[in-house]
Number of protein chains: 2
Amino acid sequence: MSSEQKQAGVGIVGFGTVGAGVAQGLIQNHELILSRTGVSIKLQKIADLDIESDRGVDVPAEVLTTSSDELINDPAVDIVVELVGGTTFAKALTLQALEAGKSVVTANKALLAEHGEEIFAAATKHHAEIYYEASIAGGIPVVKALREGFVGNNIDSVYGILNGTCNYILTRMEDEGILFDDVLKQAQEAGFAEADPTLDIDGFDTAHKICLLANLAFGKSVKMNEIHIEGIRGLSMLDLNFAKDAGYNIKLLAVMKRSEEGIEVRVNPALIPHSHLLSSVRGPFNAVFMRGDLVGDSMLYGAGAGRFPTASAVISDITDVAINQAANAKGRLPSNYTYGEDLKLIPPNEGTRRFYLRLLLLDEAGAMGKVSDVLGDFGISIASVIQHEEHEENSVPVIYLTQNCQESDFNMAIDKINQLEVVISEAVRYIIDDFS
Amino acid sequence: MSSEQKQAGVGIVGFGTVGAGVAQGLIQNHELILSRTGVSIKLQKIADLDIESDRGVDVPAEVLTTSSDELINDPAVDIVVELVGGTTFAKALTLQALEAGKSVVTANKALLAEHGEEIFAAATKHHAEIYYEASIAGGIPVVKALREGFVGNNIDSVYGILNGTCNYILTRMEDEGILFDDVLKQAQEAGFAEADPTLDIDGFDTAHKICLLANLAFGKSVKMNEIHIEGIRGLSMLDLNFAKDAGYNIKLLAVMKRSEEGIEVRVNPALIPHSHLLSSVRGPFNAVFMRGDLVGDSMLYGAGAGRFPTASAVISDITDVAINQAANAKGRLPSNYTYGEDLKLIPPNEGTRRFYLRLLLLDEAGAMGKVSDVLGDFGISIASVIQHEEHEENSVPVIYLTQNCQESDFNMAIDKINQLEVVISEAVRYIIDDFS
């Protein structure tokens, strides 16, 4: 390398929680990053409508601007960091930066899940790079692991705990016996969960992330509307406790798997065995468990959100882009893949899996037999049945854990079972994932 | 990127377990890697003294040679993969390749821990690259995580389970109550542990790896003879059981920590709390738990050895080097760091920590008091004492868990305690790591 010092200029659009973390990280660890990479990464501009409020980080006044145009058009800005969130202005901004030949680093999973193809095409067209490590699992370098660390592997499956808010809620319910609505309310009051928690607890945030991971793992573009998305809203303490007795936690899981029939991508609460490492991922932490044809089972674990963990991932991307620029190696790695486009995406609610089924039955002779008959009619084998103590007069909760079966068969069986006279209230069902 | 296909030629020296895995991976996943990177990576040559034995992988006959010189001098070989092991021929070979301007990928932790400075200097001098992901924790991309994923972080601490053989032995002892010597013997018979297990169970293999990680985390060269290295040979079932009752596993841990006094690097069996994620790392698996000033706590987990997991890491390195070459970006990242050379390395047996102490005491009034007096004299506070049932007439095992204390004070206290008349056999002591 030449002894002349290499430089890169960074402009951050969006001076919120993460923006302030990135600014602080770039300033306080500037020398460290220079020592490790040989590139001096300078914070050149920060654009935000509000440049008055105190963000708890000292930035030179001349860095601040209210104009993202000024930032993008600043010739000293090589890398634009998009941290505004949303998909409207963020999209316009990202395209504008790419068209100006600036590389973009973003933490915006919704933007890429919804408009990725257009954005990746713009990056290629204008010889710019777009990096997005912070979009998935916060500080965990999972994009880097899939694109580079496991580059030689056919990825067979990925199981992710990708939403810290959901995992925090489930952990507190399990540990402290607090009801879903109460934990959610407390998390909202503490500013830890959004006032409108839909994106998190109904699984959409997790789905954005798994769509991006699916492209990295399988080389295929997978869209939100093509996959099954089910969140944890209203999850009952009953089911957490029954699952626990049977040796399982319930986690909101993002799953993608390859089989001879194609690939399966989905988001749903799932029972996972206590013995599995993902079961030990507690509180707001994230983890991604992967299986590759060479490397076998691997897991990456860490903080999935928060000012500094997210900043860590953004700075990793900034550094990669800056080094590529300094080495005249822009486009060193493709932003996304297309080699797996021919893979079949298995439609939602098809595929083979195990189920947890909770029924409230009339406490009368033959009730369980009637349920078993219906399951048998659809070819569904039962691995175990747990009949718990009566909890109200004349009614008894019964838990069935099935063997592997076709989800479509199971759903038809449930429709029949819900109509049985011995069934008091509608069946509750969750997928069991035993990572086979 | 240009539409002309980019190519890189690979030569593997050492056609053993890992060499065969790398060859097979490069062949069977050639198209996948090309799709993901735009570079066609061709297996050009394999050199080994034995080119007759069946390795279970189909390679074209013209690829095989008994001459590593022929391989290094082949103009179609851009990247030399050193998989011969040892530190004599491997060193000569590596230097020869670098001097010829070829980049080198190696899985040889002993080579780099012992001769790293010379080898890294040769790489720089000859504008070649040296990559070594597979040297540490097999298939786990921990070098990439530290060099790139966490590049923006001051690393505060790293805790590694880096030797699969040791972790396998400890797990079987815990789970099945099999004695150390018996598990080791079984592992040797199964070909899973070496006939001479010194490197593994006495901690030297782990120490090689933590020396390499220390450079990546702290920017300082740390040598084997500067650090405390203690293995698990002869670990007693008694201590595993007592530790378990107190809420701990015993793991062979590689530790490095930064504090105001400097950095501490060591290898020793340690008690770690059941609630910590590293406690869930079982069998032959490896894991690296890291704390960075931005990212907070992270862990990477996976297979630390074996044909294909190691090949996965070697292929990741080959791919990185091939892409750098294709992009004219050789030397994109430095091979090692020097920015932290001024950091003080805290000498072995200094530093502050907690201890587990097991004593066999005479079963008489005042025995425990005498021990407590000595500990008190050296300013060592006791967090808990567990007196177990008598196991032989007139003797009783007693477990002390201390608070944080100076290791030097603790060692002096132990010398005194061993001389007490109430102490029947020499004190057994282990470090407690609670990741504070």
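Readers should treat all values here as calculations from the given coordinates under stated rules, not as data from a laboratory. Since this is a predicted model, take the numbers as computed values, not measurements. Cβ sites come from the backbone with ideal geometry, for glycine too, and all protein chains shown count toward neighbours.
Descriptive notes on the structure:
- Put simply, the amide H of B:L253, placed in the peptide plane, has neighbours under 5 Å in B:N268, B:A270, leaving out anything fewer than 5 places away on its chain.
- Those residues of region A:338-377 whose amide nitrogen sits under 15 Å from the label point placed on A:S384, 7 Å along Cα→Cβ: A:355-358
- Available extension along the chain between B:Q5 and B:A100 is 31.7 nm, counting 0.36 nm per residue and deducting the alpha carbon span.
- Centroid-to-centroid separation of region A:91-105 and region B:120-187 [C-alpha atoms, Å]: 40 Å
- Whole-Hz couplings from phi, Karplus 6.51/-1.76/1.60, listed for region B:157-163; x for Gly and Pro: 7, 9, 10, x, 9, 10, 10
- Pseudo-label separations to other copies for B:N349 - Cα-to-Cβ vector, 7 Å, nm: 7.1
- Inter-label distance, nm, simple model (7 Å from Cα along the C-beta direction), A:E426/A:S40: 6.4 nm
- Cα shape, the protein assembly as shown, gyration tensor, a/c 1.5 rule: rounded
- Relative contact order for region A:189-267: 32 percent, from Cα pairs under 8 Å spaced at least 6 residues apart, divided by residue count.
- Gaussian network model of chain A, Cα within-10 Å springs - most flexible of A:K330, A:K220, A:K370: A:K370
- Position A:R233, label points 7 Å along Cα→Cβ, spacing to each other copy in nm (shortest first, one decimal): 6.3
- The calculated FRET efficiency for the pair A:L49 and A:F192, based on their C-beta separation and a Förster distance of 22 Å, comes to about 0.30.
- Residue-count net charge about B:T352 - beta-carbon cut-off 14 Å; Lys, Arg +1, Asp, Glu -1: -3
- Shape class for region A:173-268: oblate, because the ratio a/c of the largest to smallest gyration tensor axis (alpha-carbon atoms, square roots of eigenvalues) is 1.5 or more and b/c is at least a/b.
- Estimated FRET transfer efficiency (B:A365, A:K185; beta-carbon r; R0 60 Å; 0.05): 0.55
- B:E261 versus B:D409: modelled label distance in nm, points set 7 Å from Cα along the beta carbon direction: 1.1 nm
- Site pair B:Q419 and B:D245 shows an inter-label distance of 3.1 nm when each label is modelled 7 Å from Cα along Cα→Cβ.
- Label spacing, shortest first and in nm, from B:E52 to its equivalents in the remaining copies (7 angstrom along Cα→Cβ): 8.7
- Each part gets one Cα centre, and for region A:52-88 versus region B:268-326 those centres are 36 Å apart.
- Helices in chain B that qualify as membrane-span-like (whole DSSP H runs, Cα extent of at least 24 Å along the helix axis, mean Kyte-Doolittle hydropathy of -0.5 or higher) are B:307-326.
- Separation of alpha-carbon centers, region B:352-411 and region A:329-380, rounded to whole Å: 56 Å
- Amide N proximity, region A:332-366 versus A:S236 label position 7 Å along Cα-to-Cβ, cut-off under 15 Å: A:356-363
- Taking amide H atoms as placed 1.01 Å from N in the peptide plane, the amide H of A:L294 lies under 5 Å from those of A:N154, each 5 or more residues away in sequence or on another chain.
- Order of B:I169, A:I51, A:I263 under a 10 Å beta carbon neighbour criterion, fewest first: A:I51, A:I263, B:I169
- The C-alpha atoms of chain A occupy a region whose extents along the principal axes are 84, 46, 34 Å, arranged from largest to smallest.
- Whole-Hz ³J(HN,Hα) from phi, Karplus 6.51 cos²θ - 1.76 cosθ + 1.60, for region A:39-54, glycine and proline x: 10, 8, 9, 9, 6, 9, 8, 10, 10, 7, 5, 9, 10, 9, 4, 7
- Under-5 Å amide H pairs with A:G351, H placed in peptide plane, nonlocal only: A:E407, A:S408
- Only helical runs count toward this figure. For chain B, summing -39,500 (n - 2.57) over DSSP H runs of n ≥ 4 and dividing by all residues gives -10500 deg cm²/dmol at 222 nm.
- Between A:E118 and B:E118, the FRET efficiency estimated from the beta carbon spacing at R0 = 51 angstrom works out to 0.50.
- Scalar couplings 3J(HN,Hα) for region A:283-294, obtained by applying the Karplus form with A = 6.51, B = -1.76, C = 1.60 to θ = phi - 60°, are x, x, 6, 10, 7, 10, 9, 10, 10, x, 5, 9 Hz; x denotes Gly and Pro.
- Look at A:D409, B:D202 and count the other Cβ atoms within 10 Å of each Cβ; fewest to most, that gives A:D409, B:D202.
- Total formal charge among the other residues, if their Cβ is under 15 angstrom from that of B:E114, Lys/Arg +1 and Asp/Glu -1: -1
- Over all pairs of different C-alpha atoms, region B:188-338 has a mean inverse distance whose reciprocal, the Kirkwood radius, equals 17.8 Å.
- Neighbour-count order for B:E426, B:E82, fewest beta carbons within 10 angstrom listed first: B:E426, B:E82
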